[in-house]
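Sharing a structure, written as structure tokens. Questions coming.
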Amino acid sequence: MLTTVNNVDTERSLKMTLDGEEVSFSDGETIYEVATRARREIPTLCYDDRLEAFGACRLCVVEVEGIRNPVASCTTKANDGMVVKTRTEAIEKHRKTLLELVASENRNLDVNPLSGYASQELTKLVDIYGARTGRFQGKKSGTTNTNDKNPFILRDYDNCISCYRCVRVCAEQEGDYAINVMNRGFHTQIIAEFNNDLRDSQCTFCGQCVQTCPTGALGDKKALRDAETEGEIKKTRSICPYCGVGCSVDLLSKGDKIVGVLPAMDGPANEGALCVKGQFAFDFIQNADRLKKPLVRRDDGELHEADWDEALEIAAQGFLRAKKRYGRHSIYGVASGRAPHEAAYSMQKFIRASFGTNYIDNCSRA
Amino acid sequence: MSNPLRDMEKPDVIFAIGTNMTECHPVAATRLKKALTSGATMVVADPRKTRLAKMAHLHLPIRVGSDVALLLAMAHVIQREGMIDDSFIAHRTTGGPEFLEHIKQFTPEWASEICEVPAEDIEQAGLIYGRGNPSAIYYTLGITEHICGVDNVQSLCNLALMTGNLGVEGGGINPMRGQNNIQGAGDCGAVPANFPGFQPCGDPEFAKKFSEAYQTEIDAEKGITKVTALNTCGNGIHAMLIDGENTVVSDPDKNHCEHALKSLDHLVVIDIFLTETAELADVVFPATAWGETDGVQTNTERRVQRLRQAVPPVGEAKPDWWIVSEIAKRMGTPGFEYESAKEVFNELCSLSPIYAGLDWDRIENGEYQWPVPEEGHPGTPRLHEKEFKNGRGVFKVIGYRDPAEVISEDFPLWLTTGRRLQAYHTRTQTGRSAGIEYLLPNETLEVHPDDAATLGLAHGGLAKLSSARGTIEIPVKVTDMSPKGTVFTSFSFANVPVNVLTGSGYDPVTETAELKVCPVKVEPV
Ligand code: SF4
Ligand code: SF4
Ligand code: FES
């Protein structure tokens, strides 16, 4: 298993010719992988580099000397001495025709980017290849399951191109097998188990199918609530606030509002995966219950809003009073396992530096 | 975790005990699923038939709190079958001979009585773990939240030590941390026994180091734990500063806890919501939330990662470090003139040997796993590769103990508690995120169909659930997820305050509460 990706040149010296340039590769690599490493841009639709290559869309085809028909580069292994052309006139024409066909079957080509991580893939390719020609008057395939009342995942199969990425991510990445394929060919429809609502299936609402969908057929319903909200979408790299796995996320915000979350494909802990909490439970910070001002308990026994100066002074005086009255071992600090390091560090320093004790703990004991 | 998360795709044998990983650490579980796809064998020990258990090649639905007995018998089998790693034991460990002698008495038949699973299955579990090359152990709170939590962990260490499964790719002992920065809170020294970077408080050398750094004479002895502090509120402890913890709901024995906090002269709480705990405070400060705060957190594989602010804070909320510093300054405590989170983090790095090679700018891409002892060091994805921190791995001779409370005529069923996929902790966050209630509208008590029949409980009906400490009402879900004789629920919903019931005992070493085991009785309402 420990192969040679880093020192391909020295080890076996497998070589192929790619658009006239000699490139080395290691055993087992596909033409697509070799070409991508050599900075060729081969268009793909059914490909997700986290999944087993599938070879369904045929957009990634290339010409190989000595083979009559073009081959799918994502599923064809590179061979020593192979001569490959990635962008001939014939290939480009073939790609355009394919995209025209796909475009003709899809109701909606312009998909809101809040739909999901890969939601712009088809649209981008259609535009690069100028494939909005309307040359084919296709029937619409699939149907929308708008009855599914789940709050997270939009299922609009009118936009489905049968790339099976959702099915494959669910099976291969999640091991959940929550969705499946019904029928074959034009009538293909991606269905939840028993053609039911996702909630009644094995689905865990991890959102991975949404994020890999290249057309917006599956969309992030929660993020799309803000489709019409004013403002540019800003991306901020951060970490999920829930469990200890520490998945990397890109927070999507418009103005002062977080509108959605994208999994970070290069996140070291998650490599693009998320669970329902990290994917969809981000809006608690915008909840109306958030504390907005300091509160102090007044003579009536109730908590009332106060300004910072007053509240800080009361807090500080209370600790000084306890220390004077009961000694420095009468004050205790409990830090959070949820807040960042700076909170925990300053909490422990507060106790140690103010009272000279080690009377500090965190919530890991419960 | 001794090993990095990416190692989870590589074990030959997976032994998962006391972890409902597909619900509590779903993304980590996806990696185990990949290992299974590529041919790994998995043994799961868990009272409940969790999703992980259903994926296992062998599921041992052991009685809650009987883990040590199972692990002793597995060790027994491994030794009897000659599957121990003699060279590892000789060169890397101490206490091996005593331990190997000790386990001779603990046969699978003996453990079978205690664990309430067949002796053959225990035998198989030992054989599978012993044969694996490598075998990896994964566990969570199902192991630690017991009066014998330390014994449980130590028993797992014994297994890994006797088979040489430490310091190897795809092996190790891997606790999955439940909260995003619980590892970090420990790293930062927010514990009574350690200064930042796990430098022990009891050691005068470190007490001196921090006394100098903090310009105050600091005790050269450990502090008391939170459990002890709560037990002495009003009688020793008179003031508390609590940051971001809903103690009243998450801690065991809720009534005791509430009473403790009420008997303080002065309680200050920093949080993002007015939690049940904050409601008891004299002063409450609004903290900035995730998404509004720049900072650092460490994940379960010791990876130090940056949190970044995406939007401005709501209202007048301020970062926790700023609030704490302002209180400190007003008390005349020196050393709190921070201008940014970066300054606070860099001070931590300067005082903590495991972070010595890090600073705010270096962790930009999150590629470091501590220890990072000096600048230029690549970090340490896998612990114990060449040696253990203190030289050798130590075998501990451990015996089985019953839980603090065992079932009786009055309380004939075992209650065990846990988390749910869609809810997090006390739901202060997931409960306030739109849509989550569609997936998890309320809490239920999971009861085996046979028990439901005997007790006259109907699916969806209300039940009265009581322990020696209290009673709550809760809707019933009849399911074979729970084994016969054991009921399950989570502590996520404030309207079903399960921790009114729990709290029968604490681990004598860590004072971790026995949240996982509590004898109860269930009656229809
Ligand atoms: S949300 Fe996750 S589990 Fe559900 S169908 Fe999509 S990929 Fe599968
Ligand atoms: S996305 Fe899920 S698995 Fe990942 S850190 Fe968040 S809660 Fe944990
Ligand atoms: S990307 Fe190769 S066939 Fe679709």
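Every number here is computed from the coordinates shown, using simple stated rules; none is lab data. Note that the structure is a prediction, hence the values are computed from the model and not measured. We place every Cβ from the backbone using ideal geometry, glycine too, and count neighbours over all the protein chains shown.
For a test of the definition: using alpha carbon positions, the gyration tensor, and the 1.5 limit on a/c, classify segment A:295-362 as rounded, prolate or oblate. Could the numbers behind the result be given before it?
On the way: a/c = 2.24, a/b = 1.31, b/c = 1.71.
Oblate shape, in that a/c is at least 1.5 and b/c is the bigger or equal ratio.
For B:216-223, what's the mean count of beta carbons from other chains sitting within 10 Å of each residue's beta carbon? Mind showing how you got there, number by number?
Numbers: counts 8, 1, 7, 8, 1, 2, 2, 12.
Going residue by residue through B:216-223 and averaging, the value is 5.
Here's another thing I want to ask about it. Would you mind getting me the FRET efficiency between A:Lys93 and B:Ser87? Use the beta-carbon distance for r and R0 = 56 Å, nearest 0.05.
Working: r = 65 Å, r/R0 = 1.16.
After rounding to 0.05, the efficiency reads 0.30.
How many Cβ atoms of partner chains, on average, are near each residue of B:227-236 if near means within 10 Å of its Cβ?
Details: counts 3, 3, 7, 4, 0, 3, 1, 0, 0, 5.
For peptide B:227-236, the averaged partner shielding equals 3.
Kyte-Doolittle cut-off 0.5, length cut-off 15 Å along the helix's own axis using Cα: show which whole DSSP H helices in chain B pass. Spell out each step's value before the answer.
Details: long enough: B:26-37 (16 Å, 0.16); B:67-80 (20 Å, 1.21); B:119-131 (18 Å, -0.32); B:149-162 (20 Å, 0.77); B:320-330 (16 Å, -0.27); B:341-351 (16 Å, 0.34).
Long hydrophobic helices here: B:67-80, B:149-162.
Also: Structure shown: which of A:Lys254/B:Lys318; A:Lys257/B:Lys49; A:Lys96/A:Lys254; B:Lys262/B:Lys396 lie over 31 Å apart, alpha-carbon to alpha-carbon? Please report the intermediate quantities before stating the final value.
Numbers: A:Lys254/B:Lys318 22 Å; A:Lys257/B:Lys49 41 Å; A:Lys96/A:Lys254 35 Å; B:Lys262/B:Lys396 41 Å.
Table pairs above 31 Å Cα-Cα are A:Lys257/B:Lys49; A:Lys96/A:Lys254; B:Lys262/B:Lys396.
Using alpha-carbon positions, what is the distance between the centroids of segment B:263-340 and segment B:158-237, in Å?
For segment B:263-340 versus segment B:158-237, the Cα centre distance is 21 Å.
Indicate the gyration tensor shape class of chain B (rounded, prolate or oblate), computed on the Cα atoms with a ≥ b ≥ c the square roots of the eigenvalues: a/c under 1.5 is rounded; otherwise a/b larger than b/c is prolate and the rest oblate. Walk me through the numbers before you get to the answer.
Values: a/c = 1.66, a/b = 1.15, b/c = 1.44.
Judged from the Cα gyration tensor, chain B comes out oblate (a/c at least 1.5, b/c at or above a/b).
Of A:Val102, A:Cys170, A:Ser73, which is farthest on the positive side of the dipole of chain A, counting Cα position, with +1 on Lys and Arg Cβ, -1 on Asp and Glu Cβ, and the Cα centre as origin?
A:Cys170
What is the average number of partner chain Cβ atoms found within 10 Å of a Cβ in A:295-306? Could the numbers behind the result be given before it?
On the way: counts 10, 6, 6, 0, 0, 0, 0, 0, 8, 0, 4, 2.
Other-chain Cβ atoms within 10 Å of each residue's Cβ, averaged: 3.
Counting only C-alpha contacts under 8 Å and six or more residues apart, can you give the relative contact order of chain B as a whole percent?
On the way: 1082 pairs, mean separation 86.3, N = 525.
Dividing the mean separation by the residue count of chain B yields 16 percent.
Fewest first, what order do B:Met83, B:Met21 take by the number of other Cβ atoms within 10 Å?
Details: B:Met83 16, B:Met21 25.
The order, fewest Cβ neighbours first, is B:Met83, B:Met21.
Moving to a separate point now. Neighbouring Cβ atoms within 10 Å as the yardstick, rank B:Lys10, A:Lys234 fewest first.
Final ranking by Cβ density, sparse to dense: A:Lys234, B:Lys10.
Against the longest alpha carbon principal axis of chain A, how many degrees, from 0 to 90 and to the nearest 10, is the axis of helix A:89-105 turned?
That helix lies at roughly 60 degrees to the long axis.
Let me know the volume per residue of the alpha-carbon convex hull for the protein assembly as shown, in Å³. Please report the intermediate quantities before stating the final value.
Values: hull volume 159.8 nm³, N = 891.
Considering the Cα atoms of the protein assembly as shown, their hull volume per residue is 179 Å³.
In which sequence would B:Val283, B:Val314 go, from the one with the fewest C-beta neighbours within 10 Å to the one with the most? The partial results should precede the final answer.
Details: B:Val283 26, B:Val314 19.
Listing B:Val283, B:Val314 from fewest to most nearby Cβ atoms yields B:Val314, B:Val283.
Please give the charge dipole size of chain B, origin at the Cα centre, charges +1 on K and R Cβ atoms and -1 on D and E Cβ atoms. Round to the nearest 20 debye.
Dipole of chain B, to the nearest 20 debye: 1080 debye.
Decide, for segment A:2-87, between rounded, prolate and oblate: order the square roots of the alpha carbon gyration tensor eigenvalues as a ≥ b ≥ c, take rounded if a/c falls under 1.5, and otherwise choose prolate if a/b is larger than b/c, else oblate. Don't skip to the end; give the middle numbers.
On the way: a/c = 1.90, a/b = 1.27, b/c = 1.50.
Judged from the Cα gyration tensor, segment A:2-87 comes out oblate (a/c at least 1.5, b/c at or above a/b).
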